[in-house]
Amino acid sequence: TSIYIICMTAFAIYQVLLKNKTLNKKFKQIIALSITITSFSLLLIFVSGIIGENILNPQYTIPLAGMIIGNIMNGISVGIKTFRDSLKGQNIKIEALMFLGAHPRKILLPFVKQALSTAILPTINNMVGMGIVYLPGMLTGQILSGTLPMTAIMYQIAIMIIICAAIYLSCFSSLYVGYQTLFDNKQKIIQL
């Protein structure tokens with residue numbers, strides 16, 4: 001079970017970094033750490049704390065890890081892409097603000113906030129429409145397998161909260177810590 005989860009995490013990290021080859025090494029390390037720490041800690045909380053099962057029980061751990069890690073991969077990919085795309089074409093504005101003495105944090109933070117909002121938006125929309133607009137896969141699968149609908153609903157709500165937390169925490173740590181690697185000790189932006 002643990003080898004399978006490590007492989008899933010490594011693949012998610014690889015996919016995110018593959019799409020962001022031009023990021024500096026520190027930013028890439030922050031992304032990798034963010035994916036790893038967030039996925040393992042929230043998986044442990046969900047399987048051990050909420051379900052009350054052994055973390056090495058593949059019946060629960062593997063499908064839940066897939067949901068958590070897959071959503072983290074998507075969230076960080078969207079967040080980093082939004083951050084980088086919003087910076088494109090802003091070089092003149094950023095240089096002008098730096099020339100006027102603005103701190104790089106003040107310049108880049110609005111881009112980080114926008115990227116974080118964009119990364120979490122699809123999950124928030126899913127949570128709003130859950131059960132009204134569509135029936136999520138975990139809920140449908142449990143009901144079809146004979147689980148009581150109330151139990152299935154409770155598990156679906158719990159997994160959606162965990163997924164939302166996973167995306168938010170991983171994107172927050174990747175973006176808020178990672179963007180600080182884009183400027184040096186002299187407060188100059190070294191890479192965009």
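Taken together, the values in this text are just the output of simple stated rules run on the coordinates, not laboratory data. Every value quoted in this text rests on a predicted model; they were computed, and no experiment measured them. Using ideal geometry, Cβ is built from the backbone for each residue, glycine included, and neighbour counts are taken over all protein chains shown.
Within a Cβ distance under 13 Å of Gln187, other residues only, what is the Lys/Arg minus Asp/Glu net charge?
+3
The list (1) 1.17; (2) 2.72; (3) 1.10 gives values of Cα Rg over 2.2 N^0.38 Å, and only one came from this structure; which label was calculated from it?
(1)
Return the long-range amide H neighbours of Phe183 (sequence gap of 5 or more, or a different chain), with a cut-off of under 5 Å between placed amide H atoms.
For Phe183, whose amide H was placed from the backbone, the distant partners under 5 Å are Ile190.
Each label point is 7 Å from the Cα along the Cα-to-Cβ direction; what then is the distance between the points at Lys93 and Leu56, in nm?
5.4
If you average the alpha carbon positions of region 137-158 and of region 1-80, how far apart do those two centres end up, in angstrom?
First find each Cα centre; the distance between them is then 23 Å.
Using each residue's phi in region 52-65, evaluate 6.51 cos²θ - 1.76 cosθ + 1.60 at θ = phi - 60° and report the 3J(HN,Hα) Karplus result to the nearest Hz, with x for Gly and Pro.
Computed from phi, the couplings for region 52-65 are x, 10, 5, 4, 8, 6, x, 4, 9, 5, 5, x, 5, 4 Hz.
Run through region 22-118 and list the trypsin sites (Lys or Arg not before Pro) located in a DSSP loop whose Cβ has at most 10 other Cβ atoms within 10 Å.
Sites meeting the loop and neighbour criteria: Lys88.
Mind telling me which of Ala96, Ala65, Ala12 comes out most flexible in a GNM of the chain, alpha-carbon contacts under 10 Å?
Ala96
Rounded to whole Hz and in sequence order, give me ³J(HN,Hα) for region 174-185 from the Karplus expression 6.51 cos²θ - 1.76 cosθ + 1.60, θ = phi - 60°, writing x for Gly and Pro.
5, 6, 6, 8, x, 5, 6, 7, 8, 9, 9, 5
With θ set to phi - 60° and the Karplus curve 6.51 cos²θ - 1.76 cosθ + 1.60, what are the ³J(HN,Hα) couplings of region 33-50 in order, to the nearest whole Hz, using x for Gly and Pro?
Here the 3J(HN,Hα) series is 5, 4, 4, 5, 5, 5, 5, 5, 5, 6, 5, 4, 4, 5, 5, 7, x, 8 Hz.
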